[in-house]
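Undergrad: Before I ask anything, here is the structure I am working with.
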Amino acid sequence: MEGENVLLKENERIDDLQRNGYRIIQNRDRFCFGMDAVLLSGFAQVRPGERVADLGTGTGIIPILLEAKYEGEHYIGLEIQKEMADMAARSVKLNGLQEKISIVEGDIRSAGDLLGLSKFDVVTSNPPYMNDAHGLKNPDLPKAIARHEVLCTLEDVVREAARLLKPGGRFYMVHRPHRLIEIITALTEHKLEPKRMKLVHPYVDREANMVLIEAVRGGRSMIKVEAPVVVYREPGVYTEEIYEIYGY
């Protein structure tokens with residue numbers, strides 16, 4: 001059985017992703033993927049033969065979910081934290097995906113230099129949401145790095161996505177609506193034209209708490225605002241759209 005020789009470290013566990021029999025290694029003491037990563041994998045689109053880079057891949061969840069769904073040629077996950085990159089690489093091995101997914105340990109701020117300029121058809125990112133003006137720093141550094149702009153900023157992520165993408169390539173990102181003006185400004189400054197946007201609401205009567213956005217390198221100015229996603233029908237019960245994204 002694939003993955004029998006993958007060792008788990010202290011406080012790690014293997015979770016079933018409900019997709020193609022794939023599993024993922026996680027450690028609650030560090031950082032576990034959330035709804036935002038799953039929603040991004042449902043929003044992003046990869047065509048057959050395309051090359052994909054995921055910036056700040058964490059546990060490798062987005063490349064693994066995208067590989068389960070699409071016939072991309074190759075997926076690369078870039079992660080600065082050594083322990084997280086190691087965990088992601090072991091999850092890739094656990095699923096026997098070494099030929100399809102590569103995990104690279106490195107800094108988002110140097111992504112273009114590390115992975116190659118204009119080499120990718122698709123770039124995805126679930127970056128840190130909080131800048132210094134919003135939210136408290138988590139005293140547990142690995143979680144703080146994932147949630148706060150400790151090691152990279154929104155500007156860094158957008159700039160490097162633009163450097164990685166081929167002309168006409170697509171950038172998919174999940175972020176927070178309160179930074180939407182900043183997001184669109186950063187995208188257009190780097191010649192990434194917003195083309196699709198979808199707001200995510202926890203309940204139908206609550207304000208949006210996430211935004212999914214697609215931008216095209218060198219695209220023309222026109223954005224399609226899609227129907228919103230509502231996560232919960234009632235407490236603890238997902239809507240049908242969420243169950244479809246999860247693959248249930």
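The values are calculated or read from the model by the stated rules, or taken from the named source; none is laboratory data. Here the structure is a predicted model, which is why all the values come from computation and not from measurement. Every residue, glycine as well, gets a Cβ built from its backbone with ideal geometry; the counts of neighbours run over all protein chains shown.
Undergrad: How about the stretch 200-210: which of its residues are within 16 Å of the chain's Cα centre (by Cα) and either more than 16 Å from Glu182 (Cβ to Cβ) or surrounded by fewer than 20 Cβ atoms within 10 Å (Cβ to Cβ) (or both)?
TA: Answer for the stretch 200-210, where residues must be within 16 Å of the chain's Cα centre (by Cα) and either more than 16 Å from Glu182 (Cβ to Cβ) or surrounded by fewer than 20 Cβ atoms within 10 Å (Cβ to Cβ) (or both): just Val200.
Undergrad: For the stretch 7-75, which fully contained strands (runs of 3 or more DSSP E) count at least 3 residues that are over 10 Å from the mean Cα position of the chain (by Cα) and not hydrophobic (A, V, I, L, M, F, W, C)?
TA: 12-16, 23-27
Undergrad: Could you tell me whether Arg23 is modelled with pLDDT under 85 and either surrounded by 24 or more Cβ atoms within 10 Å (Cβ to Cβ) or touching a Leu at 6+ places or on another chain (Cβ under 7 Å) (or both)?
TA: No, not satisfied.
Undergrad: Specify which of the listed residues (Leu192, Leu180) is on the phi < 0 side of the Ramachandran plot, crowded, with 17+ Cβ neighbours inside 10 Å and touching a residue at least 12 places away in the same chain (Cβ under 8 Å).
TA: Leu192
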